[in-house]
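Worksheet: the structure to be examined is printed underneath.
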Amino acid sequence: MAEDGATTNDDYSPVEVEVPVNFEPADNSNNPAATTRPRGRDRSESVISEPDPDPLASEQAAAAELEAANTTAMRNVILRPAPFHKIVLTGGPCGGKTTALARLSSYLRERGFEVITCPEAYGILFLNGFEVTYFGTDGMGMVVQDTVMKLQESMEDGFEKVLRARGKPAVLLCDRGLMDGAAYMSSAEWDELLQRRGIKNVCELREGRYNAVFHLITAAEGADKFYTLENNEVRTETPEQARVVDAKTRAAWIGHPKLCVFDNSTNFEGKLQRLVDTAAQLVGLPAHLSRSTTKFLLKSRP
């Protein structure tokens, strides 16, 4: 998908350049300065065109790594014998992420999946002494976002390794993902952050990293009377600010093929059920089944 204003290949037209018929490249064979001067990568050179690593060497390295793995856990990490899914739950303030994480975790565990939830990195920073007044220091925003991204990435990678080591079907549920930082920075600041971290393409942080992205729209959009700041210490936004942050967060994830948006067109229970059904389909479980609850009265304590 592309938003209005996004640049597509259709916006560019080929440019014809006339070259003289008797044009010949200059002979620099007798000019040491011209022949020995180092140069950077030419813009016409594509990273994709670089030769792939020697497949035989890669296989040998993998075999050596597997041979060195003398425990079941390490062999599971290397061989990856079981399916693994990594899902981001994101959205604007008061969208229901915390409740959705708890509901989805229970649902998946009850059906045989190993589940770990990865906490929000900024929340960890905020709940351990960080204060909003710190942003008064020039350049603090960039430092914070860099720290949040590094912490989030480290936690996700570590939790994924633990789950893969189990060797069983597993799901990692992430409270926000690496692209969320773009909602709290200008485009120039975001580009600078990616450059600092050596990230050449946002696909590395988006579809290259997560199987799906579940965006829960803030209650401030469509369920205003339920919007509150009371159940989350990190939340400080007014309803108007919440709607802006929600829209920016959604835009940051556009491009992921499994971006699922859950609005407030139903009550909150209906919103959660839609999310659970979508997750069930993603991991290969049946969804949209009729559900009934049966209770039993016991004559004695079991």
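Averaging 1/r over every pair of different alpha carbons in region 179-302 and inverting the result gives a Kirkwood radius of 17.6 Å. Take the Cβ-Cβ distance between Met142 and Lys248 as r, set R0 to 22 Å, and report the resulting FRET efficiency rounded to the nearest 0.05. Efficiency, rounded to the nearest 0.05: 0.80.
Our compactness index for region 55-119, the C-alpha radius of gyration over the empirical 2.2 N^0.38 Å, is 1.65. Electrostatic tally near Ser154: other residues with Cβ closer than 12 Å to its Cβ, Lys and Arg +1, Asp and Glu -1, net -2.
For Ser154 and Gln241, calculate 0.36 nm times their separation in residues minus their Cα-Cα distance, and state this gained length in nm to one decimal.
28.4 nm
Heavy atoms of the protein chains alone define the surface here; on that basis region 114-256 has 50 Å² accessible area per residue at 1.4 Å probe size. Seen from Glu221, the other residues with C-beta closer than 9 Å to its C-beta sum to a net charge of -2, counting Lys and Arg as +1 and Asp and Glu as -1.
Restricting the calculation to alpha carbons of region 151-195 gives Rg and Dmax of 14.1, 42 angstrom. Normalising by the residue count of region 166-290, find the relative contact order in percent from Cα pairs under 8 Å and 6+ residues apart. Computed value for region 166-290: 28 percent relative contact order. Per atom type, region 141-290 shows carbon and sulfur on 52% of its accessible surface, probed at 1.4 Å. Restricting the chymotrypsin sites (Phe, Trp or Tyr not before Pro) of region 186-250 to loop positions (DSSP other than H, G, I, E, B) with no more than 13 neighbouring Cβ atoms within 10 Å leaves nothing. Among the GluC sites (Glu not before Pro) within region 123-195, those in coil by DSSP and having at most 13 neighbouring Cβ atoms inside 10 Å are Glu131. Could you work out how far the C-alpha centroid of region 145-210 sits from that of region 71-126, in angstrom? Cα centres, region 145-210 to region 71-126: 14 Å. For region 119-183, the alpha carbon positions stretch 47, 23, 14 Å along the principal axes, listed from largest to smallest. Computed over the Cα atoms of region 107-238, pair by distinct pair, the Kirkwood hydrodynamic radius stands at 16.9 angstrom.
The values are calculated or read from the model by the stated rules, or taken from the named source; none is laboratory data. No experiment lies behind these values; they were computed from the predicted model shown. Glycine also receives a Cβ, built like all others from the backbone with ideal geometry; neighbour counts cover every protein chain displayed. Accessible surface is based on the protein model in full, side chains and every heavy atom, while ligands, DNA and RNA are left aside. Shrake-Rupley method; radii C 1.70, N 1.55, O 1.52, S 1.80 Å.
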